[in-house]
Amino acid sequence: MKSVSKFALTLSLLALPLTASHAAVEEKPAKEKKGKDKKEAAPAAPKRNYSKPFIAAYTPVVDLLNKQKNPAGAKAEFPKIVAAIANDDDRYEAGILAINIGAGLKDLAFQEQGIDLLLASATTPANIKTEYTFRKGAIAYDGKNFVNAEKLMLEAYNMGHRGNNIEFLISNAQSQQNRDAEAMTWLGKAIEADKAAGKVNKAYFVRAANLAAKTKNYAGAANWYKQLLATENNPDYWHDALAFFDRSLTLSPEEELDVMRLMRVTNGLRFQQEYAQYLDSLSYIGVRYPAEAVSVLEEGFAKGVISRNNVTFSEKYTEAKARLTEDTATLAGTLAPAKASPKGMLASLTGDSFFSHKKYDTAKELYESALSKGPVLDKDGRDQTERTRFRLAMSKTMLGDYAGAKADFALITGANRKAIAEYWLMYIDQLSKAPAAPAAPTAT
C-alpha cells in the first residue's frame, strides 16, 4: 500500500497550536486584581527563567513575525536565537517560535527544527512533548522515512497520544518495511479504537485481510472478513470471507459443497474457477446432483461469469441436462423406500437428492428420518451422522426455520463442519435481521 502524500501530516496539524509571543521578554507578571470583582485565578503558568542574551536575540525576531508579519525575515534572523540559547527555557521558547515561523512559510523542515528544540527541552510540558513527538513522526511518514515514522509514533503512542488514526499509521509504516505480521497487530488496534469510538472503518478490515493473505494466513484473512460481515451483509464480503476460509482448510468434497452452497445463496460466486469448483464438489463421482448442476450453470451463464462456449462448462451442462429428466422422473419414487429402510444412510442420501432439487421440506423429513434410526453409517462403515445433521440444519435454514437450524448447527462437533457452521449461523443471523417484505394490499 502506497503512503498517501501529506496524509499523516494533515492529521498532525490538529496537534496543540503554540503561539509565539512576548512571554520570554516580559519582565513582570500582570498584577492580580483586588476587590469584589476579583475572579478566581487561573492556574499559574510555569515560571520561566530566560537568559538575558536569549531575550536580546529573541525580541527582534518575534517582532518580525508578529508585528511586521515577516516570517521570511524572522527565519533569516533565527540562527541568532539558537546561538543565544543558554538553558531549557530558552530552548522551549525558541522551539515555539521556529514552529510558528515554519507554519507561516509552509516550511516543514523549519517546523521540524522547532519541534526538535521543544523535544530537547526538559521544561517542555509532557502533553506538548507527546503531541509534537507524533507531529515529528507525521513529518517523517510523509517524507517516506517509515523507520523514523514508526519509532516516533510508537513513542507518542506510549506517551499517551490517541486519535489521528495513529494505530493505522504505525501499521502502515511497519507494512512499508515488510513487517506485515506486526502491521496486522496494529490494524487490529486501529479497529478496536474505532469500535470504542462507535465507528467502523471498513478499509481497515480489508487491509488487515490482505496483509494476512500476503503472509498466507488465510484463516486470519477469512476472520477479518467475518468480522466485517458482522457489520454489513455484503455479497463481496461473503465471497472474500468464504474464499479465504476455503483456502484455510483441507475439506472433503461434501464439506466443500456446503461451503459453495453458502457462497451461492449469499450471491458470493464471482469467478469462473468458483463455478468449476462448485461443479467438482457436485460431481466428484459422475453427476450426482443434475438438478443443482443445471441450476448453477444456468445462473453462471445468465450472469456472464461463465460461457456456454467453454468446452468444460458446456459438456457438464449437456451431461447434467441429459440426466435431469430421468432424475426428476424417478425422484418421487425414492421417498417411500428411503423412509422404510432400517438404514439411515439411504434416507440421508435421498434427502441430498431432494435438497438438490430445492425440495427442502422433503429433504428435511428424510434427514430427520435418517437420524431417528441411530448412527448414520455409509457402505464403508464411516459415520455420516454429522453430515446428515448439517444438511438437516441447511434445509431448515432454507425453509426459514432459523431457530431449528441454529439448534442443529449447535450440535456439530467435527472441526471442519463446526467451522463451516459458524458461517451458516452468521447467514441465519443476517436473514433474521432482514426487514420483512411489505404486506400485499387487500381489496376493499
On average over all directions, what projected area in square nanometres does region 156-301 have, based on the convex hull of its Cα atoms?
-> 10.0
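Kindly flag which residue pairs out of Lys358/Lys433; Lys339/Lys373; Lys396/Lys418; Lys303/Lys396; Lys106/Lys129; Lys226/Lys303 have an alpha-carbon separation exceeding 19 Å in this structure.
On the way: Lys358/Lys433 23 Å; Lys339/Lys373 10 Å; Lys396/Lys418 17 Å; Lys303/Lys396 28 Å; Lys106/Lys129 21 Å; Lys226/Lys303 26 Å.
Too far apart for the 19 Å limit: Lys358/Lys433; Lys303/Lys396; Lys106/Lys129; Lys226/Lys303.
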J(HN,Hα) series, region 391-402, from Karplus relation 6.51 cos²θ - 1.76 cosθ + 1.60, nearest Hz, glycine and proline x | 5, 4, 4, 4, 4, 5, 4, 5, 8, x, 8, 5
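Test of the criteria: in region 104-147, which trypsin sites (Lys or Arg not before Pro) are in a DSSP loop and have at most 14 other Cβ atoms within 10 angstrom of their Cβ? Intermediate values should be presented prior to the final figure.
Working: sites: Lys106, Lys129, Arg135, Lys136, Lys144; in loops: Lys106, Lys144.
Counting only loop positions with at most 14 other Cβ atoms within 10 Å, the trypsin sites (Lys or Arg not before Pro) in region 104-147 are Lys106, Lys144.
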Rounded if a/c under 1.5, otherwise prolate or oblate - region 199-270, Cα gyration tensor axes = oblate
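I'd like to check one number: the per residue accessible area of the chain, probe 1.4 Å, reported in Å² as a whole number.
Numbers: 22580 Å² over 444 residues.
Result: 51 Å² of accessible area for each residue.
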How much of the accessible area of the chain, in percent, comes from carbon and sulfur atoms when a 1.4 Å probe is used?
-> 55
Out of residues 5 or more away from Leu377 or on other chains, whose amide H comes under 5 Å of its own, with H placed 1.01 Å from N in the peptide plane?
-> Gly344, Met345, Gln384
Trypsin sites (Lys or Arg not before Pro), restricted to region 363-398: which are DSSP loop and have at most 11 other Cβ atoms within 10 Å?
-> Lys379, Arg382
What ratio of Cα Rg to 2.2 N^0.38 Å holds for region 358-439?
-> 1.18
Percent of alpha carbon pairs in the chain separated by more than 34 Å?
-> 55
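The values are calculated or read from the model by the stated rules, or taken from the named source; none is laboratory data. If you're wondering where the values come from, they're calculated on a predicted model, not measured in any experiment. Note that each Cβ is placed from the backbone with ideal geometry, even for glycine, and that neighbours are counted across all protein chains shown. SASA here: full protein model, heavy atoms, side chains in, ligands and nucleic acids out. Shrake-Rupley method; radii C 1.70, N 1.55, O 1.52, S 1.80 Å.
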